[in-house]
């Protein structure tokens, strides 16, 4: 421990600078300084930077295109979901419409109750038309399997015509939510 104390107490010896030590320091600093780059090295660095820039730009463009595609798919999916919800809601109300029409058919023509049911039915149809709801035409039309569901056949002079409608068909915009149940004429 005494030696440690002695080492600490002794000041460091400073060597006087000579020409030789100054020259050594100068050669060290010259070696540490970076060399100037050549034209080929600059070209190579520029090509690398341009390639990297192009890669980043390509990545950005792909990301933007992916995002645009995502937005379009999401918007389409939302619109389809909304339309499906409208169709399902209206389809759930079809039995109510059928019952109101049956009540109207069974009522006396000048009965005030029949007038109330008719006004209610008209108001319901007017409100549903805002969503693209409409009846599928059937009676007297040519049979179309994309609109009509044939449950009976009857021989007639005009084959392929709808003779009777048992249950009305409806659509919302272009989507059939219920096919018309009909009797079709055959030869």
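The numbers here are math on the coordinates, done by the rules we state, and not lab data. All values reported here derive from a predicted model rather than from experimental measurement. We place every Cβ from the backbone using ideal geometry, glycine too, and count neighbours over all the protein chains shown.
Summary table below
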item: Largest to smallest principal axis extent of the C-alpha atoms in the range 94-187, angstrom; result: 45, 32, 17
item: Two-site FRET efficiency, residue 142 against residue 105, from Cβ-Cβ distance with R₀ of 25 Å, rounded to 0.05; result: 0.45
item: Inter-centroid distance (Cα atoms) of the range 54-100 relative to the range 114-136, Å; result: 28
item: Residue 130-residue 59 FRET efficiency (beta carbon distance; Förster radius 41 Å; 0.05 resolution); result: 0.30
item: Alpha carbon convex hull of the range 71-127, volume per residue in cubic angstrom; result: 63
item: Percent of Cα-Cα distances greater than 16 Å, calculated over the range 51-149; result: 74
item: Point-to-point label distance, residue 98-residue 151, nm (Cα→Cβ direction, 7 Å offset); result: 0.8
item: Extension gain from residue 114 to residue 35, taking 0.36 nm per residue of separation minus the Cα-Cα distance; result: 18.1 nm
